[in-house]
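Asker: One structure follows; several queries about it will come next.
The values are calculated or read from the model by the stated rules, or taken from the named source; none is laboratory data. Predicted model only: the values in this text are computed from it and were never measured. Note: ideal-geometry Cβ built from the backbone for every residue, glycine included; neighbour counts use all protein chains shown.
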């Protein structure tokens, strides 16, 4: 009896060891039990005409991705990668409407690499909250370098949307909203951070902050009245280097305006800065109403419902904030620790500027990679819209315009818009009134011109929109 028991134990142990060995990802198990793709299912998403999900199952845990291409094109695109699983959900996130495509599934383990049959799919016309974008011209000198460039913009009106276009003006990605999308920002996480709000909310304002990934998943959502969001936000929302989210807010404060023929308790509406952590808890705030005396404005009774009008916010590498005030024709720098106003650039500010360096109703002020201050000068006093890049000596309170790009008069925009530096001494413009996206050289020659069938607020070039071909290291 003991002999039978020992034999049984030895056999069972041996079988267990063989099973363990076979289920290890090695060449021998791969030879006996090769990796197989069991099922492939294409899922159309009714809410979006350009995105698709593909559900894949494999017989062993593997890294799985898609490659896909449009008919007649040599360019191959790739999905995200699903790793170390038997069940895989893959996302097709870059397509053009009314186009025939083909996709193929690739599955990899440490020992195997296999591909599926090829499957056709077709994109339909877009009908949701997206205007037309028409490529008017592209200078031959930049055609090659423009290939593979993508740009993020938004639709302010209701319904609104986040929109990504390619260098030809084709929409390649969008996410519709019932409300307007007031501003967008491409994040280091390859997601889109936005302010969302109804058209009734003025000044590019909203009651929600929404972060969306390229699959359409909402990864962060702050709402007015929930968590730390006790005020509406407007014009700007961004991540800082610590992973916190900062934005401009609407603020208000009661003042005695009897000297201006107002009320003893009169409410003045201004702007502030708010910083949230990732969970939506408010960790810092600041108000310009603590730093300006409304009695210094002889027209305060006229202006008190939207006093000085902040329209952009940027956090510098030193942690301090750059804030643009349209109605002051000034850009301020604010200390992020104590809230002190460090300096003011512009009309009546702390820096001596030449006449042609003064700007009016400016938008989108930020520091570029060389720590030069870049802005769009809307030019409401001159009727000419320009881009200005300043070299700033903060300690010595000296400013010098390194470049001024003057646009033709038919591209004048009274409000909104931005100018953003690109590689190769080029400048990207979003111009709201003429409904145009432009790229110019430093001399102002227009190299790229896209007309927009709507009112855009901003435009930015984005990096990391496409998924690159997975490498051999992208297995389990």
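Asker: What is the number of the single condition among (1) under 18 Å from residue 288 (Cα atoms); (2) in contact (Cβ under 8 Å) with a residue 24 or more places away in the chain that residue 337 does not meet?
Answerer: It fails just one condition, (2).
Asker: Next question, about the same structure. If I filter the range 243-263 for residues that are within 35 Å of the chain's Cα centre (by Cα), over 28 Å from residue 300 (Cα atoms) and exposed (fewer than 14 other Cβ atoms within 10 Å of the Cβ), do I get at least one hit?
Answerer: Yes: the range 243-263 contains one or more residues that are within 35 Å of the chain's Cα centre (by Cα), over 28 Å from residue 300 (Cα atoms) and exposed (fewer than 14 other Cβ atoms within 10 Å of the Cβ).
Asker: Okay, moving on. Within the range 190-222, work out how many residues are outside any strand (DSSP E or B), closer than 21 Å to residue 279 by Cα and either outside the structural domain of residue 416 (by TED's automatic domain parsing) or without any contact (Cβ under 8 Å) to a residue 12 or more places away in the chain (or both).
Answerer: 1
Asker: Where in the range 232-311 are there strands (runs of 3 or more DSSP E), lying fully within it, with 3 or more residues that are more than 23 Å from residue 181 (Cβ to Cβ) and in the same structural domain as residue 326 (by TED's automatic domain parsing)?
Answerer: Counting at least 3 such residues, we get 245-255, 266-276, 282-287.
Asker: Next up: Give just the number: which of (1) modelled with pLDDT of 95 or more; (2) farther than 24 Å from residue 412 by Cα; (3) in a loop (DSSP other than H, G, I, E, B) does residue 332 not satisfy?
Answerer: Only one criterion in (1) modelled with pLDDT of 95 or more; (2) farther than 24 Å from residue 412 by Cα; (3) in a loop (DSSP other than H, G, I, E, B) is unmet by residue 332, namely (3).
Asker: Here's a follow-up. Taking the residues in the range 269-296 that are in contact with a helix residue (DSSP H, G or I) (Cβ under 6 Å, 6 or more places away or on another chain) and crowded, with 16+ Cβ neighbours inside 10 Å as candidates, determine which candidate is farthest from residue 323 (Cα to Cα).
Answerer: 294
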